[in-house]
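Trainee: So that we are looking at the same thing, I have put the structure below in structure tokens.
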Amino acid sequence: MNLIIIKIMVMKNRFKIYLELIKSYQTILLLFTGIAGFVSSRCPYMNFGIFLGLILSLFLTISGSTILNMYIDRDIDVKMMRTKNRPLPLGRIKANEVLLLGLIVSFIGLVIAFWLSFIYGVVVFLGIFFDVVVYTIWLKRRTPWSIIWGGISGGMPILAGRVLGIGRIDFIGILFALSILLWIPTHIMTFSMVYYKDYERAGIPTFPSKYGFKNTRFIIALSSIGVAISIGIGFISLGMAIGYLRLLVVLSVGLIGISISSIKNPSKVKNLGLFKYASVFMLASLIMVVLGV
Amino acid sequence: MKKMNFINKIFLLFTILVSSYFIVNGFDDISVIPVILYTIGLGVLVLASLLLLLFGIEVLENKLVVIVSTLIPFSISLGLIFQYVNVMFLYYLIFVVMGYLSIIYSRYLGSRVASILAIAFFHGIAGLIIFLLPIYFFIKTSSLHFIFISIGAFFIGIGGILLLFVKFGKSYIPSRIVFPLLPLILLIVSIFFGLGLSK
């Protein structure tokens, strides 16, 4: 009896570590973008099986690529204050186990994705490829521009969701992927300013270290304005009800206002506020897509 | 950043949800101009609550707060005049534009006294319109939604006066009492304005 309890405790502890490896908040947000993309298609053959398949395949592939990134970046994570308490730097789990877990989880996710639809599987595969191979392995340690590829991979779930719904890549899907692509730099660049010393210590090239804080703030503000514009065009293209457009205009005014204010009178507080606002804006826009189409 | 307690965060969150709901679903049966004006009024409530949540209570110290918050009585009173006293709309529009420019000018370039006078006069009249005009129409028509608008106006008036005391340094009611009350006031205002304006 005691042995069973101990085994359950060990498994529970393992599961907790696995959960820490997938960055649950980020994974859920990206998963939600995929759901919003799917719902935006007003898919005529929508059924529970497809919807469950979408959720499962996206959850597994997003989690898998995050786990693989944790494995690849373990030498950086140990040098940074922000990440040094993750399971790998602390030695709570072996690197090989993380690699194996990442590969298995990604593989299962991809199998489900290709089983659902070939083109959907291709988009999901590209998401993992851009994130793990292009962004993390190839470019992250070489150039601050790597975040473009991080952004493209972040835009893949919403595109994939829409592709699964309509069976092809269309303008609205690309527009929504673009909005995520523009939103992600606000996330990464804000972090690279807040944790500037961390990134320096780890030797990761960032926009603040290469182009300075002022230019980085300017790019963040421009990206935020770009997010508002691309989502706005997306809403109009989708034929969303006028009420949702009204609310989107209200939220966009706030986003653009804080962006301009952060260029005119830059400060750390404003930057963090802009980052948070852009995240709320993105989430609110996706909720409106889900409710409004 | 001064910490805001949990219950006030919930009030602000509900203010955002309630105002957003009425912006999305509220006024589809009325003409375009009041819809735009009411959207501005409720939109300011959404943005004010969002900014308070994300930046904390310090956001109230910004010079823009008075200018932006003035949009609430101006836009809603303009919408009401357009809907119910249409013959006066153009004159009142001129009054609002003049008032808004005066408030902006006095806030940035004028003296402190000029700023207080501009707000008290223009903001005050707009506030009285959204409080008294619906009462008049309620007496005439017995339609309950007018009273909701007046209740919203009453509460936002109280909030505005309390804030004015704090902003201009009057110590009758200290900021530590006023600031925690604001989220609840915003929620009450959003509910009554939403119910009243959307019929």
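Bear in mind these aren't lab numbers, they're just calculated from the coordinates by the rules spelled out. Please read all numbers here as calculations on a predicted model, not as lab measurements. Because the Cβ atoms are built from the backbone with ideal geometry, glycine has one as well, and the counts that use them run over all protein chains shown.
Trainee: In sequence order, what are the phi-derived ³J(HN,Hα) couplings for the stretch B:178-187 according to the Karplus relation 6.51 cos²θ - 1.76 cosθ + 1.60 with θ = phi - 60°, rounded to whole Hz, with x for glycine and proline?
Mentor: 5, 4, x, 7, 4, x, 5, 4, 4, 5
Trainee: Quick one: what are the phi-derived ³J(HN,Hα) couplings along the stretch B:149-166, Karplus 6.51/-1.76/1.60 with θ = phi - 60°, whole Hz, x for glycine and proline?
Mentor: Working through the residues one at a time gives 4, 5, 5, x, 5, 4, 5, 5, x, 4, x, x, 5, 4, 5, 4, 4, 5 Hz.
Trainee: Okay, moving on. Using the Cα centre of the protein assembly as shown as origin and beta-carbon charges of +1 (Lys, Arg) and -1 (Asp, Glu), tell me which of B:SER106, A:ILE174, A:LEU19 is placed farthest towards the positive end of the dipole.
Mentor: A:LEU19
Trainee: If you take the square roots of the eigenvalues of the alpha-carbon gyration tensor of chain A and sort them as a ≥ b ≥ c, do you get rounded (a/c under 1.5), prolate (a/b over b/c) or oblate?
Mentor: oblate
Trainee: If I take R0 = 60 Å and measure r between the Cβ atoms of B:PHE89 and A:LYS16 in this structure, what FRET efficiency does the formula 1/(1 + (r/R0)^6) give, to the nearest 0.05?
Mentor: Numbers: r = 63 Å, r/R0 = 1.06.
Once rounded, the FRET efficiency stands at 0.40.
Trainee: Roughly how many debye, to the nearest 20, is the charge dipole of the protein assembly as shown about its Cα centre, given +1 on each Lys and Arg Cβ, -1 on each Asp and Glu Cβ, and no other charges?
Mentor: So the magnitude is around 1420 debye.
Trainee: About the Cα centre, and with charges only on the beta carbon of Lys, Arg (+1) and Asp, Glu (-1), how big is the dipole of the stretch B:63-199? Nearest 20 debye, please.
Mentor: 280
Trainee: Label the protein assembly as shown by shape, choosing from rounded, prolate and oblate, from the square roots a ≥ b ≥ c of the eigenvalues of the Cα gyration tensor; if a/c is under 1.5 it is rounded, and otherwise prolate applies when a/b is larger than b/c, oblate when it is not.
Mentor: Note, shape of the protein assembly as shown comes out prolate.
Trainee: Charges on Cβ only, +1 for Lys and Arg, -1 for Asp and Glu, centred on the Cα centroid of the protein assembly as shown; of B:SER143, A:SER117, A:ILE184, which one is farthest towards the dipole's positive end?
Mentor: Looking along the dipole axis, the top candidate is A:ILE184.
Trainee: Taking 0.36 nm per intervening residue step and subtracting the Cα-Cα distance, what contour gain separates A:ILE256 from A:ILE242 on full extension?
Mentor: Gain in length upon complete extension: 3.0 nm.
Trainee: Please find, in a Gaussian network model of chain A (springs between Cα atoms separated by less than 10 Å), the residue of A:LEU90, A:LEU58, A:LEU139 whose mean-square fluctuation is greatest.
Mentor: With Cα springs under 10 Å in chain A, the top fluctuation among A:LEU90, A:LEU58, A:LEU139 is at A:LEU90.
Trainee: Summing Lys, Arg as +1 and Asp, Glu as -1, what charge do residues with Cβ under 14 Å from the Cβ of A:TRP138 carry, A:TRP138 excluded?
Mentor: So the surrounding residues net to +1.
Trainee: Show which lysines lie in cross-link reach of B:LYS140 when reach means a straight Cα distance below 21 angstrom and same-chain residues fewer than eight apart are skipped.
Mentor: B:LYS199
Trainee: Ok, one more. Across peptide A:241-253, how many C-beta atoms of other chains are within 10 Å of each residue C-beta, on average?
Mentor: Values: counts 3, 4, 11, 4, 1, 12, 11, 2, 5, 12, 7, 0, 5.
The mean count of partner-chain Cβ atoms within 10 Å per residue comes to 6.
Trainee: Which value at 222 nm does chain B reach when only helices count, each DSSP H run of 4 or more adding -39,500 (n - 2.57), with the total divided by all residues and rounded to the nearest 500 deg cm²/dmol?
Mentor: Value at 222 nm, helices only, nearest 500: -26500 deg cm²/dmol.
Trainee: Starting from the Cα-Cα distance between B:ILE104 and B:LEU132, subtract it from 0.36 nm times their residue separation and give me the gain in nm to one decimal.
Mentor: Net length gain for the segment: 7.5 nm.
Trainee: Just want to confirm a number: the relative contact order over the stretch A:19-173, from Cα pairs under 8 angstrom separated by 6+ residues, in percent.
Mentor: 34
Trainee: So, one more: Which of the helices in chain A meet the span-like rule: DSSP H, Cα axial reach of 20 Å or more, Kyte-Doolittle mean at least 1.6? Could you put the intermediate results ahead of the total?
Mentor: On the way: long enough: A:2-21 (29 Å, 0.83); A:24-40 (23 Å, 1.38); A:48-72 (36 Å, 1.83); A:95-116 (32 Å, 2.21); A:146-166 (30 Å, 1.29); A:171-194 (35 Å, 1.95); A:207-238 (40 Å, 1.03); A:242-264 (32 Å, 1.74); A:268-292 (35 Å, 1.38).
Once both thresholds are applied, what remains is A:48-72, A:95-116, A:171-194, A:242-264.
Trainee: Turning to a different aspect of this structure: Which of the aspartates and glutamates could a cross-linker bridge to A:LYS197, judged by Cα under 19 Å and excluding same-chain residues fewer than eight apart?
Mentor: Hits, sequence-local ones excluded: A:ASP73, A:ASP75, A:ASP77.
Trainee: Right, something else. With labels modelled as points extended 7 Å from the Cα through the Cβ direction, what inter-label distance (nm, one decimal) is found for A:PHE118 paired with B:VAL113?
Mentor: Those two pseudo-labels are separated by 8.3 nm.
Trainee: Would you mind counting up the charge near A:MET81? Only other residues with Cβ under 11 Å from its Cβ, with Lys and Arg at +1 and Asp and Glu at -1.
Mentor: Computed value for this residue: +3.
Trainee: Considering the zone a paramagnetic label at A:ASP75 would reach in this model (a point 7 Å from Cα along the Cα-to-Cβ line), which residues of the stretch A:197-232 have amide N under 16 Å from it?
Mentor: A:201-205, by backbone N distance to the label point.
Trainee: Now a separate question. Work out, step by step, the length gained on full extension between A:ILE137 and A:ILE169: first 0.36 nm times the residue separation, then minus their alpha carbon distance; give nm to one decimal. Don't jump to the answer; show the numbers that get you there.
Mentor: Values: separation 32, 0.36 × 32 = 11.52 nm, distance 2.72 nm.
Contour length minus Cα-Cα distance gives 8.8 nm.
Trainee: Shape verdict for the stretch A:23-145, please, from the Cα gyration tensor: rounded (a/c under 1.5), prolate (a/b greater than b/c) or oblate. Could the numbers behind the result be given before it?
Mentor: Working: a/c = 2.18, a/b = 1.98, b/c = 1.10.
Prolate, since a/c reaches 1.5 and a/b exceeds b/c.
Trainee: Over chain B, what is the mean sequence separation of C-alpha contacts under 8 Å (at least six apart), divided by residue count, expressed as relative contact order in percent?
Mentor: 29
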